[in-house]
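Here is the structure we will look at.
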Protein chains: 2
Amino acid sequence: MHTDTTAEGGAKGGGDFVIQGDICWSTGPRALKTMPDSFLVCKGGKSAGVFDRLPRQYDALPLSRCCGKLVIPGLVDLHTHAPQFVYRGLGMDRELLEWLSSHAFPEEEKYHDLAYACKAYSLFVEHLKRGPNTRIMVFATVHVPATLALMSLLEESGLVSMVGKVNMDRNCPDGLREESAAASLDATEKWLETCAAHKDKYANTRPILTPRFIISCSDELLRGLGALRRELNLPVQSHLCENRAEIAWVRKLCPASDGYGAAYRDFDLFGSALPQEAAPTVMAHCVWSDEKEINLMAERGVFAAHCPQSNANLSSGIAPVRRMLSAGVPAGLGSDIAGGTNSSIFRAMSDAIQVSKLRRTLLNIDEETLSLEEAFYLGTAGGGAFFGKAGMGYCGSFEPGADFDALVINDSALATLSNLSIHDRLEQTVYICDNHRIEAKYVRGRLIK
Amino acid sequence: MHTDTTAEGGAKGGGDFVIQGDICWSTGPRALKTMPDSFLVCKGGKSAGVFDRLPRQYDALPLSRCCGKLVIPGLVDLHTHAPQFVYRGLGMDRELLEWLSSHAFPEEEKYHDLAYACKAYSLFVEHLKRGPNTRIMVFATVHVPATLALMSLLEESGLVSMVGKVNMDRNCPDGLREESAAASLDATEKWLETCAAHKDKYANTRPILTPRFIISCSDELLRGLGALRRELNLPVQSHLCENRAEIAWVRKLCPASDGYGAAYRDFDLFGSALPQEAAPTVMAHCVWSDEKEINLMAERGVFAAHCPQSNANLSSGIAPVRRMLSAGVPAGLGSDIAGGTNSSIFRAMSDAIQVSKLRRTLLNIDEETLSLEEAFYLGTAGGGAFFGKAGMGYCGSFEPGADFDALVINDSALATLSNLSIHDRLEQTVYICDNHRIEAKYVRGRLIK
């Protein structure tokens with residue numbers, strides 16, 4: 001057996017290997033599995049399971065001894081905006097629609113300039129590499145060249161991602177508005193063709209249909225995107241019920257639809273009645289989704305990306321994530337840069353727990369708050385399931401067959417004075433983890449940090 | 001003129017010097033003063049003012065060129081618990097009273113062991129040195145030797161602090177309960193005498209009366225502490241209206257008092273009718289303080305330490321900090337380790353803004369949310385005023401005469417792609433600042449990082 005006492009040992013090339021450490025992962029929304037001083041096996045970029053004693057068949061594999069360190073699945077960011085990274089933490093005194101006009105749209109216009117886009121996207125991707133997320137769902141801008149450049153940068157980083165060229169043909173500045181629904185659809189199809197033609201180049205990076213939201217897409221554009229979704233069985237990402245002024249506007253724009261989610265459904269951009277057969281949809285926010293909409297999401301397998309920090313920053317509110325979980329809506333967490341200011345999904349986990357407590361306390365409602373187990377599930381297996389449904393391999397779990405996305409975390413400085421359980425060390429890590437505690441980060445079995 | 005291009009230049013010894021940079025500070029709760037590429041002068045450990053051109057009289061002083069860097073006052077933590085540092089981020093599924101029993105009290109019992117206390121307190125103080133706070137109000141435990149050890153560690157660190165030996169003679173575990181009110185008072189007096197006898201040793205570290213809260217102090221003890229406060233004109237720190245179960249219990253314990261704050265007042269531990277003449281009181285939390293209590297605080301000059309993260313973590317709620325500011329209650333921010341998990345007052349600033357938005361959105365009340373200016377004021381000059389009133393020199397401001405507590409922040413990596421105003425750079429810094437961006441930290445004119 002080859003051994004190595006560093007987290008990096010034996011695993012650089014993406015081959016098969018074993019990590020020994022204090023291993024922990026979600027086996028369901030409320031179930032945390034912890035295995036102290038155990039062995040996590042990577043075979044062909046996938047987990048072959050966790051064992052308290054290493055089976056003899058793996059004896060010959062390189063072993064990384066990470067004894068005393070936490071080994072957990074990589075974190076999944078189900079919703080973020082790459083072009084908003086450089087101005088995160090700005091304009092936080094505004095609500096959504098005003099902030100889009102004052103900050104988001106003027107910045108996104110700059111991505112017409114490919115050189116600017118490459119510079120800004122490089123900062124974004126370099127930042128992500130250092131953090132705990134291994135997979136991300138990303139909005140780019142309307143610009144195809146910049147979107148392809150972002151995809152190349154993400155591919156080089158080793159992260160797994162789905163990236164959307166954004167569609168917008170109304171209610172946005174001239175510099176950002178696509179000329180017509182036809183022009184937007186045409187650009188989208190050409191972009192998808194380019195991605196398909198370079199499929200070998202984009203092993204970890206896939207395109208996803210990305211109507212920004214109903215406000216910025218005409219009926220014709222939404223209908224066209226719905227047709228494209230059906231034809232190519234593509235996944236979809238968009239925004240849903242984030243802000244009350246936004247919802248009122250959508251009601252006016254789609255008077256025939258029975259709600260915001262139903263409007264997406266009416267354009268065939270809201271999952272499927274047979275969700276197991278179709279590429280999935282993820283909707284960010286769902287702050288004001290009512291019972292009917294929550295049930296519609298559950299029926300059609302539409303994922304919710306809960307973005308607690310963004311929803312606080314932009315005064316949107318607090319999403320009923322506990323109700324969504326109870327109703328069977330598949331869900332994960334999003335950083336929503338730059339509505340949110342922190343990209344780490346650890347931060348999203350602790351934020352999600354905190355706001356669920358404020359929701360119960362302030363509204364005085366008899367609703368369970370989000371537990372550590374649930375927040376950890378949302379940020380790992382919950383979000384990771386989206387990638388599985390989209391045909392990119394599921395992650396966020398160490399069960400055999402899951403993609404091998406893993407973090408090795410050195411929490412020794414946090415836990416020196418007490419003999420903490422793995423559960424408690426995970427709780428501390430969720431609340432405090434700094435990037436420098438992440439000693440190694442594997443994506444699909446490949447060491448990228 | 002001696003110049004130096006590093007933040008440290010010329011200022012290590014605590015002498016007089018000048019810092020050139022992009023300077024920014026609060027001149028009132030809603031007023032931010034920004035002076036690009038200006039000169040901040042330190043004379044005798046105090047600010048001599050900020051100048052857009054350096055007056056000739058300061059020509060001979062050493063100059064630190066921090067051009068392009070933000071120079072702001074040091075941050076003030078008005079409420080934290082030193083012995084809770086090592087278990088921060090644990091037990092976050094509990095509310096206050098349960099969490100005190102399950103986590104706080106068992107840990108605090110260990111501080112009977114001086115060796116353990118020194119080890120744990122060293123971790124706490126080392127951590128604080130690296131962060132943005134320059135002044136802190138600290139709860140220790142009931143144990144006098146450990147409290148003195150903490151004071152020595154804080155003094156060595158160069159930070160300015162007020163430290164409380166905690167008083168508790170009821171409703172806590174045997175291992176933590178002081179034998180009687182008389183024993184608690186006696187230990188407190190001896191501790192104060194030791195501090196007075198070594199006044200030269202504790203230039204930056206002062207004792208403060210610290211009844212934990214009404215629940216853990218008998219009437220006799222509270223009365224005795226009130227007498228001690230009057231006799232020695234001592235400042236006081238405690239907890240007020242954090243949690244609804246706590247408040248109900250206090251009502252039972254003090255049936256004759258007209259509320260929680262009024263109970264402290266009845267024991268003479270709640271500021272003074274002539275606040276300008278007496279050492280000040282600070283009360284942490286005030287989540288459920290009503291109009292009457294808020295007015296009582298304003299009348300008696302009682303400071304509120306707003307601890308937004310802790311109040312979310314322990315499901316306490318959201319304090320009406322905007323109402324307190326409007327009513328004229330002096331206020332600042334607290335990290336409340338380990339109810340809060342992050343010691344940085346930058347985090348407390350952004351948390352305070354976020355929860356004030358959630359408060360308005362969820363309660364649907366017509367109340368202004370906290371602005372960046374107000375949050376920055378609270379975390380600098382607002383809290384810094386407490387030290388001034390307690391006779392330790394005020395800070396959090398660069399007006400001439402303020403103690404020279406300052407941070408030099410390199411935010412160049414955040415602001416590379418846009419030409420941001422100082423206001424916007426401050427906003428980004430509040431939301432994102434990592435400790436490694438703090439290039440220099442001065443306390444009373446002395447460089448401590």
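The values are calculated or read from the model by the stated rules, or taken from the named source; none is laboratory data. Just so it is clear, the model here is predicted, and its values are computed rather than measured. With ideal geometry, Cβ positions are generated from the backbone for all residues, glycine too; neighbour counts draw on all protein chains shown. Heads up: the accessible areas ignore ligands, DNA and RNA and are worked out on the full protein's heavy atoms, side chains in. Shrake-Rupley method; radii C 1.70, N 1.55, O 1.52, S 1.80 Å.
Give the residues of region B:1-27 that are open to solvent by less than 10 Å² (accessible area, probe 1.4 Å), modelled with pLDDT of 95 or more and not hydroxyl-bearing (Ser, Thr, Tyr), sorted by residue number.
Correct list: B:Phe17, B:Val18, B:Ile19, B:Gly21, B:Ile23, B:Cys24.
Might you let me know whether region A:262-276 holds any residue that is open to solvent by 10 Å² or more (accessible area, probe 1.4 Å), modelled with pLDDT of 95 or more and within 14 Å of chain B (Cβ to nearest Cβ)?
No, every residue in region A:262-276 fails to be open to solvent by 10 Å² or more (accessible area, probe 1.4 Å), modelled with pLDDT of 95 or more and within 14 Å of chain B (Cβ to nearest Cβ).
When you scan region B:373-389, do you find a residue that is aliphatic (A, V, I, L, M), surrounded by fewer than 24 Cβ atoms within 10 Å (Cβ to Cβ) and within 26 Å of B:Ser316 (Cβ to Cβ), even just one?
yes
Looking only at residues in region A:284-337 that are charged (D, E, K, R) and not in a helix (DSSP H, G or I), which one is farthest from A:Asp268 (Cα to Cα)?
Among those that are charged (D, E, K, R) and not in a helix (DSSP H, G or I), it is A:Asp336.
Do you know which of the residues in region B:233-246 that are part of a helix (DSSP H, G or I) and touching a helix residue (DSSP H, G or I) at 6+ places or on another chain (Cβ under 7 Å) is most open to solvent (accessible area, probe 1.4 Å)?
The qualifying residue most open to solvent (accessible area, probe 1.4 Å) is B:Ala245.
Inspect region B:308-326 for any residue being touching a helix residue (DSSP H, G or I) at 6+ places or on another chain (Cβ under 9 Å), closer than 22 Å to B:Leu97 by Cα and more than 14 Å from chain A (Cβ to nearest Cβ) and give the result as yes or no.
No.
Go through region A:146-172 and give me each residue that's at positive phi and either free of Cβ contacts under 8 Å to residues at least 12 places away in the same chain or among the small types (Gly, Ala, Ser) (or both).
Matches in region A:146-172: A:Gly158 only.
Where residues in region A:92-106 are part of a helix (DSSP H, G or I) and open to solvent by 70 Å² or more (accessible area, probe 1.4 Å), which of them is nearest to A:Cys241 (Cα to Cα)?
Result: A:Glu98.
Among residues belonging to region A:185-221 that are part of a loop (DSSP other than H, G, I, E, B) and of a type in the set (Phe, Trp, Tyr), point out the one that is surrounded by the most Cβ atoms within 10 Å (Cβ to Cβ).
Taking the candidates together, the pick is A:Phe213.
Only residues that are in contact with a Gly (Cβ under 7 Å, 6 or more places away or on another chain) and either within 14 Å of another protein chain (Cβ to nearest Cβ) or at positive phi (or both): list them for region B:71-106, please.
Listed by number, the residues that qualify are B:Trp99, B:Ser102, B:His103.
Of all the residues that make up region A:419-434, how many are in contact (Cβ under 8 Å) with a residue 60 or more places away in the chain and more than 9 Å from chain B (Cβ to nearest Cβ)?
Result for region A:419-434: 6.
Among the numbered criteria (1) open to solvent by 10 Å² or more (accessible area, probe 1.4 Å); (2) closer than 24 Å to B:Tyr87 by Cα, which single criterion is violated by B:Ala338?
The one condition B:Ala338 does not meet is (1).
If we keep just the residues of region A:107-119 that are under 17 Å from A:Met168 (Cβ atoms) and open to solvent by 40 Å² or more (accessible area, probe 1.4 Å), which is farthest from the other protein chains (Cβ to nearest Cβ)?
Taking the candidates together, the pick is A:His112.
Have a look at A:Cys254, A:Cys286 and point out the one that is in the same structural domain as A:Gly224 (by TED's automatic domain parsing) and buried (at least 24 other Cβ atoms within 10 Å of the Cβ).
Residue meeting the stated conditions: A:Cys286.
Pull out all pairs, ordered by first then second residue, where Cβ-Cβ is under 8 Å, the residues are six or more apart or on different chains, the first lies in region A:322-334 and is farther than 14 Å from A:Phe376 by Cα, and the second is among the acidic types (Asp, Glu) and in a loop (DSSP other than H, G, I, E, B).
Taking only residues 6 or more apart or on different chains, the pairs are A:Arg323/A:Glu367.
Report those strands (runs of 3 or more DSSP E) wholly inside region A:35-88 carrying at least 3 residues which are over 22 Å from A:Cys395 (Cα atoms).
Passing ranges, in order: A:63-73.
From B:Asn171, B:Asn167, which residue is open to solvent by less than 10 Å² (accessible area, probe 1.4 Å) and of a type in the set (S, T, N, Q)?
None of the others qualify; the one that does is B:Asn167.
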